[in-house]
Structure formats: structure tokens, C-alpha cells
1. Would you list B:Leu180, A:Leu71 from the most to the least accessible area, probe 1.4 Å?
2. Just to compare against my own numbers: the Cα pair-distance distribution for segment B:35-79, 5 Å bins, whole % per bin, please.
3. Quick one: accessible surface of A:Lys82, probe radius 1.4 Å, all protein chains present, in square angstrom to the nearest 10.
4. Using the structure shown, list the pairs from A:Lys138/A:Lys158; A:Lys63/A:Lys161; A:Lys161/B:Lys158; A:Lys63/B:Lys63 with a Cα-Cα distance above 31 Å, or answer none.
5. Keeping every protein chain in place, order A:Val133, B:Val175 by accessible area at 1.4 Å, biggest value first, i.e. largest first.
6. Total accessible area buried between chains B and A, 1.4 Å probe, in Å² to the nearest 100?
7. Please state the relative contact order of segment A:84-221 as a whole percent: Cα pairs under 8 Å, 6+ residues apart?
8. Just report the Cα centroid separation between segment B:42-58 and segment A:78-137, whole Å.
There are 2 protein chains.
Amino acid sequence: MPTKTPKNPKNPSDADNASHTSHASRAKKKAQVTPSPERRRELLDTAAEVFAAQGYNATTVRKIADAAGMLAGSLYYHFDSKESMLDEILSTFLNELWEGYDAVLAAGLGPRETIEALVTESFREIDRHRAAVAIYQKEARHLSDQPRFHYLSDSQVKFEKAWLGTLERGVAAQVFRADLDVRLTYRFVRDTVWVAASWYRPGGQHSPEEIARQYLSMVLDGIAVRPYVRT
Amino acid sequence: MPTKTPKNPKNPSDADNASHTSHASRAKKKAQVTPSPERRRELLDTAAEVFAAQGYNATTVRKIADAAGMLAGSLYYHFDSKESMLDEILSTFLNELWEGYDAVLAAGLGPRETIEALVTESFREIDRHRAAVAIYQKEARHLSDQPRFHYLSDSQVKFEKAWLGTLERGVAAQVFRADLDVRLTYRFVRDTVWVAASWYRPGGQHSPEEIARQYLSMVLDGIAVRPYVRT
DNA sequence: GCGGTTCCCTAACAAGCGTTTGGCAGGTTA
DNA sequence: TAACCTGCCAAACGCTTGTTAGGGAACCGC
């Protein structure tokens with residue numbers, strides 16, 4: 001990474017709307033320059049697509065520019081760096097994700113209903129942010145070492161707390177099996193949901209809700225035929 | 001990738017022991033040079049570890065050399081290129097995997113027992129080739145575009161045939177539920193197993209067999225408590 | 001003690017990387 | 001008409017990358 005630390009560290013009119021978790025705190029270098037947010041979104045969408053397909057490191061800034069129909073340098077009118085594109089993609093996704101999750105967790109549902117709602121919400125997020133989810137899965141682990149991406153770890157901790165907590169509540173309430181290792185169960189449920197982003201294509205034959213329904217059916221009841229169940 | 005196509009395309013004593021699927025067919029350039037296989041293994045192991053931790057593209061050849069306690073150029077005494085290290089890591093893993101799988105599939109077990117055996121075998125492979133599995137998962141998709149790595153797609157096709165076939169047999173034999181989308185179930189089971197490589201650490205508190213047992217229990221019977229089952 | 005082999009180091013190479021700089025066309029405002 | 005943004009291009013920058021060439025130390029069999 002030839003990041004020759006920029007020579008003009010002037011710190012101008014740092015006035016952002018401050019809702020984002022991470023990239024919002026970064027100062028905007030060039031003072032007079034104000035690119036339109038719509039174009040940013042467009043470019044971030046194509047960038048996310050390329051990142052997801054090729055991997056972040058394998059994606060050159062020239063490939064992104066290519067996909068966007070422009071030249072490499074032109075991207076720097078809209079963004080500070082390649083890394084800040086990644087940052088914005090991931091943090092935007094996580095913000096939206098937690099909006100949904102927090103709503104579910106605040107609803108005061110029972111353990112089973114909470115799991116069902118979380119899974120359904122997750123598939124909706126995958127539907128909306130397929131590329132971002134795919135990037136997250138591939139890169140999160142080694143990104144979270146960098147200070148800039150610490151919010152990834154934070155999110156993961158929060159994530160684990162929500163899911164694990166719900167599972168434990170469920171075991172205590174005897175709606176989930178007590179003979180399983182809860183951590184193992186957590187990872188099992190978490191992974192099965194999110195890896196779906198690697199094969200899911202929006203507009204396919206199954207809606208997010210339908211996929212969620214089937215996944216939940218498998219996770220909760222298993223894929224084996226039951227001998228005979230009396231209720 | 002500064003791969004300046006080598007200027008000496010001489011094609012010497014091409015005599016390999018020809019068991020490997022992919023890299024074995026590549027000619028050895030330098031005629032007089034014969035590095036020891038043991039050292040190769042060692043270096044490949046550390047390379048795999050770094051690849052798995054940082055991602056293939058983010059891993060520079062200098063980092064690998066560092067981890068191995070040598071200098072970047074020295075690696076080229078043992079290997080043609082960075083890419084051929086990746087190749088050898090992946091193909092070695094896949095060869096061993098298919099040895100195990102083929103044995104299971106040839107055993108003539110019933111559908112449920114086949115699934116159980118495949119899952120158990122998979123966790124054993126994860127135990128043995130954790131790094132390679134992690135690399136495979138992160139990189140396989142975009143690698144299989146390159147001709148050199150076409151064997152990854154081939155393997156995936158074979159893989160799908162084995163699992164999907166077994167599941168369908170199971171549905172026909174009424175040991176697996178018929179009300180689920182079989183493809184979805186396949187992806188579910190497949191993903192459930194293999195993502196474990198991302199958190200599994202050999203020598204942990206659970207043996208591969210124990211993890212397999214719990215995973216199978218979840219996949220087959222679900223995590224919900226059953227009302228009352230009469231056999 | 002000599003030729004050969006094994007394994008690594010030193011030092012460079014050209015290509016590709018992310019990024020910067022300056023400028024120019026088109027639209028908007030005055 | 002002039003001044004001013006916005007969005008992009010053209011061309012270069014310094015660094016890092018994968019890779020190579022040549023050499024040298026240690027050990028071998030003879």
C-alpha cells in the first residue's frame with residue numbers, strides 16, 4: 001500500500017451529520033469539494049459488487065473505476081481512499097442491520113419467536129445487502145485488527161450477546177434442547193444463516209421470508225423424518 | 001501481478017510421480033534443482049497458515065518468508081511461484097478429502113448413515129487441514145475462473161452430486177423430510193459443516209467426532225424441544 | 001581436497017498498485 | 001460575460017509487489 005502520508009494535513013470545516021458509526025468521524029480533506037451523495041451511493045454499490053466478487057485485496061481501484069465507467073483517479077473525487085469505500089460499505093450495512101435487530105430485541109418476544117424474527121430479519125438484510133454481507137464474511141476477521149475497523153469486533157460481540165442470550169433463555173424455558181453445547185448451537189445457527197449470502201441471488205425463486213421459513217424449519221425441527229409425534 | 005512471462009521456456013525432464021490432480025502436471029523449470037519434499041511440506045504448512053489468516057491476496061510472499069524465517073527470494077528455490085503454493089495446498093487437501101469421501105460413498109450405506117459418515121469425515125478433514133479448508137472457502141469461488149484452478153469447480157460438482165444424491169435417496173426412502181426444498185437442504189447441510197473451519201481450532205475441547213455428533217444431532221433432529229415422541 | 005548438491009542470501013528487476021495533481025468541459029448562477 | 005461549481009480525464013508519483021540472477025556457506029561422497 002503506497003500510502004504516502006499526505007502533505008497537506010489541514011483540517012477544515014469538519015461538519016458531518018454524525019450518524020454513522022465509523023467513517024463519519026473522518027475529516028473531509030478537500031474543503032471546496034462536495035460530491036453528490038446519490039453518485040456516491042451508486043459508486044459504492046458497484047464497488048461493493050466488485051469487492052464481493054473478487055475479494056477486497058484482489059480488487060484494484062482501476063477495476064472499480066472500470067465497472068463504473070470511469071478512470072481510476074476519478075474515484076478520488078468522491079472518496080478519500082479505497083479503504084474508506086470499504087469502510088462506508090460495511091458500516092452502512094451494519095447500521096441498517098442493527099436497526100432491524102434492535103427492533104426485534106426490544107419487542108419482548110419469547111425465545112423461539114425471537115430466534116424466528118432474527119433469522120427472518122437476517123435474510124431480509126441479505127436480500128438488501130448481499131454484496132456487503134459477502135464482503136463482511138470474507139474480510140471481517142482480518143480487518144478487525146485495524147483500529148479503523150474495530151467496530152466490526154464490537155458488532156460481533158453485540159451479535160453474540162443477542163443470539164447466545166436468546167438461546168440460553170430458550171434452554172431455560174425448555175423450548176430449546178438442553179443437551180447441546182450452547183456455543184456450538186450459536187455458531188451453528190449464526191453460520192447457517194449468514195453463509196447463505198454466498199449463494200443467494202435476489203430475485204430468485206425464493207423470497208427472503210420463504211428461505212427463512214425453510215431454514216427455521218430445518219434448524220428447529222431437523223431434516224429427519226419424525227417417527228410419530230403426539231401433541 | 002507483475003508476472004513477466006519467463007524468458008526460458010525450456011521444457012526439461014518432465015517426470016513427476018503423477019498422482020496429484022493439478023500441480024503435478026506442471027513442468028519443473030530448473031533441471032538440476034531438487035528441494036527436499038519434507039522442507040516443502042513445512043513451508044507449505046506455514047504458507048497455508050498465513051494465507052488462511054490474512055487471505056491469499058493480502059499475503060505477500062515476504063510475509064510467508066518472514067513466518068518461515070527466511071527471505072522472500074529464497075522461497076523460489078522450493079516453489080515456482082506464490083500461485084503454485086496455493087495450488088499445491090488446495091489440491092493436496094482435495095485429494096485427501098476425496099480419498100475419505102470415496103471410501104464412504106463406496107461403502108453402500110443407507111442415506112442417513114451416509115450423511116452421518118460424510119459429516120464425520122468432513123470434520124476430520126477440517127481437523128487435519130484447517131488452514132486449507134479456510135483458504136478454500138474464502139478463495140475458491142473466484143479462483144475457479146482461472147484455468148489452473150478448474151479442478152476446484154470439478155470437485156464442487158462431484159461434491160454436490162454426492163450430497164444431493166444422498167439427500168434425494170433419503171427423501172425417497174422416507175428417512176428425510178419431503179416437504180423441504182432439496183437444494184436448499186443441501187446448501188444448508190454443506191455450509192453448516194464447512195464454515196466450522198472458520199472457528200475450529202484443533203486441540204480444543206471438542207474432538208472432530210464430538211462436533212460431528214452434535215452437528216448431526218442438530219441437523220437431523222433440530223434444536224427445538226420435541227413435545228412427545230412415541231417410537 | 002575436490003566437484004556436486006542443497007539451501008539460503010543479496011540485490012536488483014519491471015509491472016502494477018493506490019494516490020495526487022492540474023486541467024478542462026458543461027451546467028448553473030449572477 | 002464572468003465567475004463558479006461539479007464531475008471527470010490525463011498523466012504522472014513513489015512504493016510494493018512477485019520474481020530472478022548470481023553467489024556463497026555448509027555438507028556430502030570419493
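1. Order by accessible area, largest first: A:Leu71, B:Leu180.
2. Here the calculated profile for segment B:35-79 is 6, 24, 34, 26, 9, 2.
3. My reading of the accessible area for A:Lys82 is about 40 Å².
4. Listed pairs above 31 Å: A:Lys63/A:Lys161; A:Lys161/B:Lys158.
5. I get B:Val175, A:Val133, largest accessible area first.
6. 4500 Å²
7. Worked out over segment A:84-221, it gives 36 percent.
8. 30 Å
The values are calculated or read from the model by the stated rules, or taken from the named source; none is laboratory data. Since the model is a prediction, treat every value here as computed from it, not as a measurement. Note that each Cβ is placed from the backbone with ideal geometry, even for glycine, and that neighbours are counted across all protein chains shown. Note: areas computed on protein heavy atoms with side chains; ligands, DNA, RNA excluded. Shrake-Rupley method; radii C 1.70, N 1.55, O 1.52, S 1.80 Å.
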